[in-house]
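Here's the structure, in structure tokens; my notes come after.
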Amino acid sequence: GVGMGMTAPVSITAFPAEDGSFQQKVKVSLRIPSQFQANPPSPTDESIKIEERGGMTIYSTQFGGYAKEADYVSYAAKLKAALGSDAAYRKDFYLCNGYDPPMKPYGRRNEVWFVKE
């Protein structure tokens, strides 16, 4: 019953298929605002879960514009190529992050994160 407003980033966990495209399964995560972190409200929708995301080290790339699936897939491929074969990171998923509200037309920030193993 409490409005929390929009938080950033909105994080989509992508589970890439063999060709790099997204599988049908994705997970969307929203950050719980600071004032609710110690005691988050219980979701009334059973498909919504509260998860604690621990600290992590990431490899990241940033890009602008209104990000679509194809953009995230493209930048994930570029990040993978830049890291080469020496970097150890999770290959079964990566995170796609958007930081801006839909009505912001310029200076948009998007990121792809690979989680270091």
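The table below lists the values:
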read-out: Lysine pairs within the stretch 10-115, Cα separation less than 27 Å, 8 or more sequence positions apart or different chains; value: 20
read-out: P(r) of the stretch 57-117 over all Cα-Cα pairs, binned every 10 Å from zero, in whole percent; value: 23, 51, 22, 4
read-out: Estimated inter-spin distance, ARG90 and THR13, nm [label 7 Å along Cα→Cβ]; value: 0.6
read-out: Square roots of five times the Cα gyration tensor eigenvalues for the chain, Å; value: 26, 18, 14
read-out: Mean Cβ count within 10 Å, highest first, over the residues of peptides 107-114, 27-34; value: 107-114, 27-34
read-out: Rounded to 10°, Cα long-axis angle of helix 69-83 versus longest principal axis of the chain; value: 60
read-out: Simple Cβ-charge dipole of the chain, Lys/Arg +1 and Asp/Glu -1, about Cα centre, in debye nearest 20; value: 260
read-out: Top of GLY65, GLY84, GLY98 by mean-square fluctuation, Gaussian network on the chain, Cα under 10 Å; value: GLY84
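Quick note: the coordinates plus some simple rules give every number you see, no bench work behind them. In this text the structure is predicted, and so the values were computed from the model without any measurement. Here Cβ is always computed from backbone atoms with ideal geometry, including for glycine, and neighbour counts include all displayed protein chains.
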